[in-house]
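Here is the structure we will look at, set down as structure tokens.
Only the coordinates and a few stated rules stand behind these numbers; no lab work does. What you see is a predicted model; the values in this text were computed from it and never measured. Using ideal geometry, Cβ is built from the backbone for each residue, glycine included, and neighbour counts are taken over all protein chains shown.
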Amino acid sequence: MSRYMLIMRSTPEAEKAMEELNIDFNEIIESMGRYNEELIKAGVMLAGEGLTGPDEGFVVDFDADPPVVTDGPYTEAKELFNGFWMLDVSSKEEAKQWARKCPLGPGVRLEVRRVSEIDEFPADNPWIKKEIQWRADLAQKVADQARAEADKLG
């Protein structure tokens, strides 16, 4: 299996199309929910999140020392990263199939990239060994948090 990240990018054209089509936001949530449910039922979705608008974000520019932080919105941006899905699929072809099913409209692009696997790096490197342990620790933390949330819900 291989992990792929589907990165949703919106453009000003997409925003304009949304306004012109006058699509109810609840319809968008419903279509995304159906897509996510299909991914989950197929057992391929590892994660997926939407992002807040660029006015809540910032950019760190490393051309200077120290790096310069600029708050959003970003006037120079032509495409905005609006959300992502992380899938675990059998092939690049399967990633393409899932990407094509995503319920996005005109002006929106979905960039799909394979995520590097830990075994693609030298196993004897001390930082790679630390990375493996960090991932195990994080998985345990996430599992503990999920159990605590489930206990709260009864």
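Tell me, in nm to one decimal, what length is gained between Ile40 and Leu153 on full extension, where the rule is 0.36 nm per residue of separation less the Cα-Cα distance?
Full-extension gain reported as 38.5 nm.
Nearest 500 deg cm²/dmol is fine: what mean residue ellipticity at 222 nm does the chain get from its DSSP H runs of n ≥ 4 alone, each adding -39,500 (n - 2.57), divided by its residue count? Intermediate results must be reported in sequence, preceding the final value.
Working: 4 runs with 65 residues, N = 154.
Theoretical 222 nm ellipticity from helices: -14000 deg cm²/dmol.
Quickly work out the Arg114-to-Gln140 label distance, labels modelled 7 Å from Cα along the C-beta direction, and quote it in nm with one decimal.
3.2 nm
Sort the following peptides by mean Cβ neighbour count (other Cβ atoms within 10 Å, averaged over residues), highest first: 27-33, 114-120, 94-100, 60-66.
Working: 27-33: 13.0, 114-120: 9.9, 94-100: 15.4, 60-66: 7.4.
The packing order, highest mean first, is 94-100, 27-33, 114-120, 60-66.
Taking a label point 7 Å from the Cα of Val59 along the Cα→Cβ vector, which residues of segment 9-32 have an amide N closer than 20 Å to it?
9-15
Once the dipole of segment 40-110 is set up with Lys and Arg at +1 and Asp and Glu at -1 on Cβ about the Cα centre, which of Trp85, Trp98, Gly53 lies farthest towards its positive end?
Ranked along the dipole, the leading option is Trp98.
Do you know the Lys pair count in the chain for C-alpha distances under 30 Å, with sequence separation 8 or more or different chains?
17
Would you work out if segment 1-42 is rounded, prolate or oblate? Take a ≥ b ≥ c from the square roots of the eigenvalues of the alpha-carbon gyration tensor; rounded if a/c is under 1.5, else prolate when a/b is larger than b/c, oblate otherwise.
oblate
Set the Förster radius R0 to 35 Å, insert the Cβ-Cβ distance between Lys130 and Thr70 as r into 1/(1 + (r/R0)^6), and round the FRET efficiency to 0.05.
Numbers: r = 32 Å, r/R0 = 0.91.
Plugging the Cβ-Cβ distance into 1/(1 + (r/R0)^6) gives 0.65.
What's the long-distance tail for segment 16-78, i.e. % of Cα pairs beyond 15 Å?
Numbers: 1388 of 1953 pairs.
That tail contains 71 percent of the Cα-Cα pairs.
Per residue, what volume in Å³ does the convex hull of the Cα atoms of the chain enclose? Can you show the working numbers first?
On the way: hull volume 28.4 nm³, N = 154.
Once divided by residue count, the hull of the chain is 185 Å³.
With the contact rule set at Cα under 8 Å and sequence spacing of 6 or more, what percent relative contact order holds for the chain?
39 percent.
What number comes out for the charge environment of Asn22, summing +1 per Lys or Arg and -1 per Asp or Glu over other residues with Cβ under 14 Å away? Write out the running numbers ahead of the final one.
Values: positive: Lys16; negative: Glu15, Glu19, Glu20, Asp24, Glu27.
Once positives and negatives cancel, what remains is -4.
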